[in-house]
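Notes for the one structure printed next.
The values are calculated or read from the model by the stated rules, or taken from the named source; none is laboratory data. Remember, it's a predicted structure, so these values are computed and weren't measured experimentally. Note: ideal-geometry Cβ built from the backbone for every residue, glycine included; neighbour counts use all protein chains shown.
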Amino acid sequence: MKICVMPGDGIGPEIMEQGVKVLNVIGEKFGHKFETTEALIGGAAIDATGVPLPDETVKACKESDAVLLGAVGGPKWDTIDPAIRPEKGLLGIRKELSLFANLRPAALFPQLKDACFLRPDIVEKGIDIMVVRELTGGIYFGEPRGTKVENGERMGYNTMVYYEHEVKRIAKVAFEAAQKRNKKLCSVDKANVLDVSRVWREIVIEVSKDYPDVELTHMYVDNAAMQLVRDPSQFDVIVTGNLFGDILSDEASVITGSIGMLPSASLGASNPGLYEPIHGSAPDIAGENKANPLATILSIAMMLRYSFNMAEEADCIESAVEKTLSEGLRTGDIMDVGGKLVGCTEMGEAVIKNL
Ligand code: ATP
Ligand code: MG
């Protein structure tokens, strides 16, 4: 198995170092050969080559079976020409690999439940959600779009478009994710107002015929936003379009209260999947051995589960993370729930010990 590793900027290299160590130990333990190659992206790539996504990086990613990313960006490149900003590297590689599905689990580890700001009786019921967001269509890309002056007045417009093939393929990813989890899927739309949502719903129902073991429900997005904070335990997998998914995945992640803990996956049809923590490059703590590597380590578990079908290996990593939290180890970002303050390296080493 070939894996392209892109540490990126800020805390990226620190967290990725711990992640790769975990991957190597899992490889030894289960007898897999994970072959890693490093590639440049973001600010690191700009410094070395002048562009945020060099051709060699795209080539290295396409030749791999999966891609791991740390984080990109930072104040050093804030004043650079917008056309070659570090973030363009990330958007560019998502596009190059046609990654149309973004999977963002938001799970609250019981050891960190005091970090969650919901009512204790709600937290007690548990939070373990996955938002599957369509990433390459919808209102962010629909045509026509633009701004103009009409009758002396400025106006702007965008179009929410979904084609059947786009809805079908994201629905499939979501049903398959639900099969690997608790077999419940909630499709979120605005079918009471939007025509595009009525087509979305119709197609999701058609796709559901192929997944009789998954229970499908539908919810309007305004209600879903409310239900997520009212009682997140009612959800397993949520599937939705680009705009609604952008908002709901951020909402779902923030209720867990720990940005340094959350992984993500972006998947395409045939290209390698891309796995990364949801947090950014955290320039305020970069290079200080303070970053939480667990989001990256959990992203590697997702990679094993979704790109390599290695459920047992993924479970092993997730249990080791849980054990480490049970031992009371905390990086600064999750310190408010109490425990023993450790650095990025110590946290990584502890997970390895628990594997
Ligand atoms: P971006 O635009 O890249 O998303 P951002 O500033 O919006 O950057 P982050 O880089 O994620 O967001 O940082 C937000 C805050 O969370 C910062 O104070 C940062 O130090 C903290 N943070 C983010 N990730 C981690 C982590 N892995 N460990 C510890 N703290 C983190
Ligand atoms: Mg951000």
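Whether any residue in the range 121-130 is surrounded by fewer than 16 Cβ atoms within 10 Å (Cβ to Cβ), without any contact (Cβ under 8 Å) to a residue 40 or more places away in the chain and not assigned by TED's automatic domain parsing to the domain that holds E35 is what I want to check.
yes
Give me the residue from the range 312-339 that is at pLDDT below 95 and of a type outside the set (D, E) and, out of that set, nearest to ligand 1 (Cβ to nearest atom).
Here the answer is G332.
Looking only at the range 271-291, which residues are outside any loop (DSSP other than H, G, I, E, B), near ligand 1 (Cβ under 6 Å from one of its atoms) and crowded, with 17+ Cβ neighbours inside 10 Å?
Applying the first criterion (outside any loop (DSSP other than H, G, I, E, B)) to the range 271-291 yields 273-277, 283-285.
Among the residues that remain, those that are also near ligand 1 (Cβ under 6 Å from one of its atoms) are: 284-285.
Answer for the range 271-291, where residues must be outside any loop (DSSP other than H, G, I, E, B), near ligand 1 (Cβ under 6 Å from one of its atoms) and crowded, with 17+ Cβ neighbours inside 10 Å: just I285.
Within the range 232-261, restricting attention to residues that are modelled with pLDDT under 95 and not in a helix (DSSP H, G or I), which residue is surrounded by the most Cβ atoms within 10 Å (Cβ to Cβ)?
S258
Restricting to the range 203-231, and then to whatever is assigned to a helix (DSSP H, G or I) and within 15 Å of F175 (Cα to Cα), can you tell me which residue is nearest to the chain's Cα centre (by Cα)?
Pass one, the range 203-231, residues assigned to a helix (DSSP H, G or I): 203-208, 221-230.
Still in the list and also within 15 Å of F175 (Cα to Cα): 203-208.
On the way: I203: 25, V204: 22, I205: 25, E206: 27, V207: 24, S208: 24 Å.
Ranking the qualifying residues of the range 203-231, first place goes to V204.
From the set of residues in the range 292-311 that are closer than 17 Å to Q18 by Cβ and small (G, A, S), which is nearest to ligand 1 (Cβ to nearest atom)?
A295
For the range 1-87, please list each of the helices (runs of 4 or more DSSP H) lying entirely inside it that holds at least 1 residues being charged (D, E, K, R) and crowded, with 24+ Cβ neighbours inside 10 Å.
Per the criteria, 12-30.
So the check is Cβ under 7 Å with 6+ separation or different chains; which pairs have a first residue in the range 207-222 that's closer than 17 Å to L243 by Cβ and assigned by TED's automatic domain parsing to the domain that holds N192 and a second one that's of a type in the set (F, W, Y) and surrounded by 14 or more Cβ atoms within 10 Å (Cβ to Cβ)?
V221/F244
Just to check your reading of the model, which residue among G287, G257 is of a type in the set (G, A, S), on the phi > 0 side of the Ramachandran plot and out of contact with any Phe, Trp or Tyr (no Cβ under 7 Å at 6 or more places or on another chain)?
G287
Just one of (1) more than 12 Å from ligand 1 (Cβ to nearest atom); (2) charged (D, E, K, R); (3) within 28 Å of S319 (Cα to Cα) trips up D210, so point out which.
So D210 meets the others, but not (3).
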